[in-house]
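Q: Below is one structure. I have some questions about it.
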Amino acid sequence: MKKSFDILIVGIGGQGTILASNILGEACLLEGRHVKGAETHGMAQRGGSVETHIRIDGEFGPLIVPGTADLLVSFDLLEALRYSHYLKEGGKMVVNHHMVLPTSVFTQKIPAPKEEEIAAQLARFTPCLIDADRIAVEAGSALAQNVVILGAASWSIPLKAESLQEAVKKLVPPKTVAVNVKAFELGRAAGRS
């Protein structure tokens, strides 16, 4: 019997995956909830894959077993597909509808997949696809895409939106608080519809 609510956050190095997991952890602390987390980011600085495991109210270790995640939050379309096997049946998926392509992987002989092709493969999960790039720019900074996605995912996270927003205020750089709060609110509005 699983008591925890398990969230897998995935993206590419530099997209703010670890900041997003820290925001979730801080929100748990604000609510007095037990939280465990783990991250892997081998070659993240060179555009590599980053994954963060967050287990809310769990009793056991921090790593999520494939096929058991309640929520998959992805800052990159291709990463959502790569980690989709972690999602349990009936789990939710919130995904940025864009992808960052590592130039060293795809060539003329091995072309990059099209965003529409990946979205079609993800359709079986009924993902919430968010144009985080556009929304982040609307909020005031393209760098706030991770907070936009977190806002969109907040509907599926068993934490109060106010706690998540307070955690955003505590953890982002002081001069970016207003932009990130707006990014969270716009993402939350997009995730609702």
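Q: Okay, helix-only estimate at 222 nm for the chain: each DSSP H run of n ≥ 4 adds -39500 (n - 2.57), divide by all residues, round to 500 deg cm²/dmol; what do you get?
A: After summing the helix terms and dividing by the residues of the chain, the value is -11000 deg cm²/dmol.
Q: Looking at segment 1-100, which trypsin sites (Lys or Arg not before Pro) are DSSP coil and have at most 12 other C-beta atoms within 10 Å of their C-beta?
A: For trypsin sites (Lys or Arg not before Pro) across segment 1-100 that sit outside H, G, I, E and B with at most 12 neighbouring Cβ atoms in 10 Å, the list reads Lys3.
Q: Got a sec? How would Phe125, Phe60 order by Cβ neighbour count within 10 Å, fewest to most?
A: Phe60, Phe125
Q: What trypsin sites (Lys or Arg not before Pro) in segment 117-193 are in a loop by DSSP, with at most 14 other Cβ atoms within 10 Å of the Cβ?
A: Taking segment 117-193 and a limit of 14 other Cβ atoms within 10 Å, the loop trypsin sites (Lys or Arg not before Pro) found are Lys160.
Q: Continuing with the same structure: For a quick check: sort Val172, Val50 by the number of other beta carbons within 10 angstrom, fewest at the front.
A: Fewest-to-most Cβ neighbours within 10 Å comes out as Val172, Val50.
Q: Another question, then. Could you list the residues of segment 13-33 with an amide nitrogen less than 12 Å from a label point located 7 Å from the Cα of Lys170 in the Cα-to-C-beta direction?
A: It comes to 22-33, nothing else.
Q: Would you work out the charge dipole size for the chain about its Cα centre, treating the Cβ of every Lys and Arg as +1 and the Cβ of every Asp and Glu as -1, and quote it to the nearest 20 debye?
A: 100 debye
Q: Another one. Would segment 86-183 count as rounded, prolate or oblate if I go by the C-alpha gyration tensor, calling it rounded below 1.5 in a/c and otherwise prolate when a/b exceeds b/c, oblate otherwise?
A: oblate
Q: Next question. Out of all Cα-Cα pairs in the chain, roughly what percent, to the nearest whole number, are more than 30 Å apart?
A: More than 30 Å apart: 14 percent of the Cα pairs in the chain.
Every number in this text was worked out from the coordinates using simple rules, so none of it is lab data. No experiment lies behind these values; they were computed from the predicted model shown. Cβ: placed from backbone, ideal geometry, glycine included. Neighbour counts: every protein chain shown.
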